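Following: one structure in structure tokens, then a few remarks.
The values are calculated or read from the model by the stated rules, or taken from the named source; none is laboratory data. Nothing here was measured: the structure is a model prediction, and the numbers come from that model. Note that we place each Cβ from the backbone using ideal geometry, even for glycine, and neighbour counts take in every protein chain shown. The area values use the complete protein model at the heavy-atom level, side chains included, leaving out ligands, DNA and RNA. Shrake-Rupley method; radii C 1.70, N 1.55, O 1.52, S 1.80 Å.
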Amino acid sequence: MSDVYLQALLSGLMIGGVYALVAVGLTLIFGVMDIINFAHGEFLMFGMYAAFFASVLFGIDPYVTAVLALPAFFAVGWAIQGTLIKPVVGKSHAIQILLTLGLSLLLQALAQYLFSADFQSLKLDYADATLQIAGARIGWTRVAAFAISMGLCLALWLFLQRTDTGKALRACAEEHEGSLAVGIDLGRMYKIAFGLGIACVAIAGIAMTPFFYVAPVVGPKFTLVAFVIVVLGGLGNIPGAVAGALIVGVVESVGALVMPSPSLKDLAVYVLFILVLLFRPQGLFGGKGA
Amino acid sequence: MTRTIARRAFGSAALAVSALALAAAGFGQPTPAAAQDEVPVGILLPLSGSVAPIGINNRRGHELAIEEINAEGGIKSLGGAKLTMIDGDTQGNPNVGISEVEKLGRRDVVAIMGAYQSGVTFPTTQMAERLGIPYIDPVAIADSITEGRGFKYTFKVSPLASWYARDQVRFLVDASKAAGEPAESVVLLHEDTLFGTSTAEGQIKAAEEYGIEVLDDISYPKDTPEITSTIARIKELNPDAVLLVSYINDAVLITKTMKELDVNIPIIGTSAGHIDPAYIENLGADANYTFTVGEWNTDIDKPGVAEIAKRFRDKFGVAMNGHAAETYMSTMVLRDALERAGTTDRDAVRDALAETEICGEANILPYECIRFGESGQSPEAQLVVLQIIDGEHVTVWPPAVAAQDPVWPVPDWSAR
């Protein structure tokens, strides 16, 4: 029996790692711009399609695509911020939600039009390789997704802590007017934040492609999970989002075993979510800018 | 009205008499057209809306059958009258379906065939019953359409929903016995919407009936991104087979995860995701050896099946599937009833349908005879079990129509 729990724990950590990269993008955008990006999962989906078609049409390995995707999706995020999101920054949350929710629907419909509604999967030679730890087995592609996600989260955190741009981003997160007063170009910071957030979530999608399926409808599930994680970890808190993601991954996975039925595994996550909202509304790891 | 009918129907005294009788009885409904050159047949299907692709494919079976019937000289007992299709588009909506039945009734159709979705078929059969229009259900499976309603005008060619589970378990018993190691246990794994949970209830009953122990009944949230821990639990329970009810994306994820965890337990799916060609496209060689129940397959070992499947493909450019086979056969059932009735009077056609007995070569469905019991259900109807072999769905059960023997037990992942 212990093998089953070990398996659940490890699998939960692996998927939690991917959740972390999705959530970090969401929390960064929220922290800097005060906007909740409901179209977040759709960029995950476009990342998956990028990896899928790069591999099928041009024979480019998904892990190569992941590297190329960093500048590409950063540019996409930059452009979307500059055109669509910019007008609603600082406006009421209702307007922002309508905009990003509309963008989510638009992107789903666009994907359905461009790529068809069919579920598709990459078939890679190395996808079968598995790592054995005691009685548990983990596909190497999952380990790779975990490693890529954790690595990027760490890189992002270092970027925010150590570089001038990173410090400027954190300043924006803490105090918009103060940042303006010291001469930080807010518009540019917003574009960088949105670009980084989109690049993170797209790379999370690409890292999943070797072991997951691709379809226009995969996004919302991840947006929802990421939203829960961001609240758990504290809105705008990056280390909090990573910790929250690993917790959610493990709670889901182990919850599927200990709850009376695996369909209740989401219940475990949402109960945790509600408890946090009730007793620690600033999140398990404190609020914004930490 | 009476005069018109009598004039046109002079070739058939019986018809004239029955039409006169109907008219004389003063029924408040339009009398079915007695024109001998054309017999209108109502086809009630979702031809627009989200399920339209399936409705359109169902319609192809009717279309092919009617084309063949007319090419062979129409309905001979009606002086060679040709069948014509009158479409009623349900849009996948029960309310639209009901009003379409009324419209078809006014257009003098001799019978209605449809409506693919159980949720639409259930209320539309009720309306047809009230209007006294014979209604043949080729595809919709819900038990409630025929069972316990006492309807006189509903005839169901498709198997009951509960028989999917029954035939999964019968196959498990047969295949494992043939391999010399009778199966003793199963684990049920199904998605947690109505489709999954209701099928699982049937599986539990069927397993009990055939003496198979259900080690666990596991439901999982549809579209889950992660199912590893559940698969690990199944690995530990180590049943003789896993009975699955999944849509395509979950079916793909579960098979991938089973491979990752090296779980070498046979998968027996319940149509849906496992019969979808996308299952094979997504998994490639890893799809091999998966079992699924299905309604029909083009390789069924019955005379005539291959030719009909070929005509279908030539005409429409797509492979014939179980739905199309059922709609094709239902049209043949109606033809047979019209021939025997020798009239387009709905009550006479209803009585003829009740006496249906289409056996052997004349029936392309995977069982001996199409008949209708008291409830209107075809009692012999049954499913087939398909196994994916070399990337193709191959019929492996029941033995009477199987194209080859099942590969049982399935080889280990490492040996594939």
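Tally the residues that are in a strand (DSSP E or B) and hydrophobic (A, V, I, L, M, F, W, C), restricting the search to the stretch B:363-412.
Within the stretch B:363-412, residues that are in a strand (DSSP E or B) and hydrophobic (A, V, I, L, M, F, W, C) number 10.
Restricting attention to the stretch B:35-82, report how many residues are β-branched (Val, Ile, Thr), closer than 22 Å to B:Arg106 by Cα and modelled with pLDDT under 90.
0
For the stretch B:173-196, check the following and say yes or no: at least one residue is in a helix (DSSP H, G or I), within 11 Å of chain A (Cβ to nearest Cβ) and over 20 Å from A:Leu122 (Cβ atoms).
For the stretch B:173-196, residues in a helix (DSSP H, G or I), within 11 Å of chain A (Cβ to nearest Cβ) and over 20 Å from A:Leu122 (Cβ atoms): present.
Which one is most open to solvent (accessible area, probe 1.4 Å) among residues in the stretch B:210-244 that are in a loop (DSSP other than H, G, I, E, B) and away from chain A (no Cβ under 14 Å)?
Taking the stretch B:210-244 first, the residues in a loop (DSSP other than H, G, I, E, B) are B:210-212, B:221-227, B:238-240.
Checking which are away from chain A (no Cβ under 14 Å) leaves us with B:210-212, B:239-240.
Numbers: B:Tyr210: 85, B:Gly211: 60, B:Ile212: 14, B:Pro239: 5, B:Asp240: 59 Å².
Per the criteria, the residue is B:Tyr210.
Failed condition for B:Gly92, given (1) buried (at least 22 other Cβ atoms within 10 Å of the Cβ); (2) under 18 Å from B:Ile136 (Cβ atoms), with all others met?
Condition (2) is where B:Gly92 drops out.
When only residues in the stretch B:265-315 that are aromatic (Phe, Trp, Tyr) and either part of a strand (DSSP E or B) or at pLDDT 95 or above (or both) count, which is surrounded by the most Cβ atoms within 10 Å (Cβ to Cβ)?
Looking at residues that are aromatic (Phe, Trp, Tyr) and either part of a strand (DSSP E or B) or at pLDDT 95 or above (or both), I get B:Phe291.
Would you mind finding the one in A:Gly240, A:Gly205, A:Gly236 that is away from chain B (no Cβ under 11 Å) and outside any helix (DSSP H, G or I)?
On inspection, the qualifying residue turns out to be A:Gly236.
For the stretch A:271-282, does any single residue satisfy the condition of being in a helix (DSSP H, G or I) and either facing chain B (nearest Cβ under 10 Å) or under 18 Å from the mean Cα position of the chain (by Cα) (or both)? Working first, answer last.
First, the residues of the stretch A:271-282 that are in a helix (DSSP H, G or I): A:271-279.
If we keep only those that are either facing chain B (nearest Cβ under 10 Å) or under 18 Å from the mean Cα position of the chain (by Cα) (or both) too, we end up with A:273.
Among the residues of the stretch A:271-282, at least one is in a helix (DSSP H, G or I) and either facing chain B (nearest Cβ under 10 Å) or under 18 Å from the mean Cα position of the chain (by Cα) (or both), which makes the answer yes.
Need pairs with beta-carbon distance below 8 Å; first residue away from chain A (no Cβ under 14 Å) and within the stretch B:271-296, second assigned to a helix (DSSP H, G or I) and of a type in the set (Ser, Thr, Tyr); sequence gap 6+ or separate chains.
B:Ser271/B:Tyr164; B:Thr290/B:Thr255; B:Thr290/B:Tyr279; B:Val293/B:Tyr164
With the structure loaded, tell me whether A:Val225 is of a type in the set (Val, Ile, Thr), within 14 Å of chain B (Cβ to nearest Cβ) and outside any helix (DSSP H, G or I) or whether it fails that test.
Judged against the criteria, A:Val225 is not a match.
Take B:Thr199 and tell me if it is surrounded by 22 or more Cβ atoms within 10 Å (Cβ to Cβ), at pLDDT below 90, in contact with a Ser or Thr (Cβ under 8 Å, 6 or more places away or on another chain) and more than 14 Å from every other protein chain (Cβ to nearest Cβ).
Working: surrounded by 22 or more Cβ atoms within 10 Å (Cβ to Cβ): yes; at pLDDT below 90: yes; in contact with a Ser or Thr (Cβ under 8 Å, 6 or more places away or on another chain): yes; more than 14 Å from every other protein chain (Cβ to nearest Cβ): yes.
For B:Thr199, the condition - surrounded by 22 or more Cβ atoms within 10 Å (Cβ to Cβ), at pLDDT below 90, in contact with a Ser or Thr (Cβ under 8 Å, 6 or more places away or on another chain) and more than 14 Å from every other protein chain (Cβ to nearest Cβ) - is met.
Are any residues in the stretch A:76-100 loosely packed, with under 14 Cβ neighbours inside 10 Å and aliphatic (A, V, I, L, M), and if so, which ones?
A:Ala94, A:Ile95, A:Leu98, listed by residue number.
How many residues does the stretch B:58-98 contain that are in a strand (DSSP E or B) and acidic (Asp, Glu)?
The total comes to 2.
Please verify whether the stretch A:242-253 includes one or more residues that are farther than 22 Å from A:Tyr5 by Cβ and not acidic (Asp, Glu). Walk me through how you get there before you give the answer.
Our first condition is that a residue be farther than 22 Å from A:Tyr5 by Cβ; within the stretch A:242-253, this holds for A:242.
Cutting the leftovers down to not acidic (Asp, Glu) gives us A:242.
Checked against the condition, which is being farther than 22 Å from A:Tyr5 by Cβ and not acidic (Asp, Glu), the stretch A:242-253 yields at least one hit.
Any residue at all in the stretch A:28-40 that's under 18 Å from the mean Cα position of the chain (by Cα) and within 14 Å of chain B (Cβ to nearest Cβ)? It would help to see each step written out before you state the result.
The initial filter retains those residues of the stretch A:28-40 that are under 18 Å from the mean Cα position of the chain (by Cα), namely A:28-40.
In the following step, the residues that additionally are within 14 Å of chain B (Cβ to nearest Cβ) were identified as none.
No, because not a single residue in the stretch A:28-40 is under 18 Å from the mean Cα position of the chain (by Cα) and within 14 Å of chain B (Cβ to nearest Cβ).
Give A:Ser121, A:Ser104 a once-over and let me know the one that is of a type outside the set (Lys, Arg) and touching a strand residue (DSSP E or B) at 6+ places or on another chain (Cβ under 6 Å).
One residue alone meets the criteria, A:Ser121.
For the stretch B:332-361, what are the residues that are in contact (Cβ under 8 Å) with a residue 60 or more places away in the chain, open to solvent by 20 Å² or more (accessible area, probe 1.4 Å) and assigned to a loop (DSSP other than H, G, I, E, B)?
Matches in the stretch B:332-361: B:Asp345 only.
Looking at the structure I just gave you, is B:Phe171 open to solvent by less than 10 Å² (accessible area, probe 1.4 Å) and closer than 25 Å to B:Leu353 by Cβ?
no
Does the stretch A:250-261 contain at least one residue that is open to solvent by less than 20 Å² (accessible area, probe 1.4 Å), in contact (Cβ under 8 Å) with a residue 12 or more places away in the chain and closer than 28 Å to A:Leu124 by Cα?
Among the residues of the stretch A:250-261, at least one is open to solvent by less than 20 Å² (accessible area, probe 1.4 Å), in contact (Cβ under 8 Å) with a residue 12 or more places away in the chain and closer than 28 Å to A:Leu124 by Cα, which makes the answer yes.
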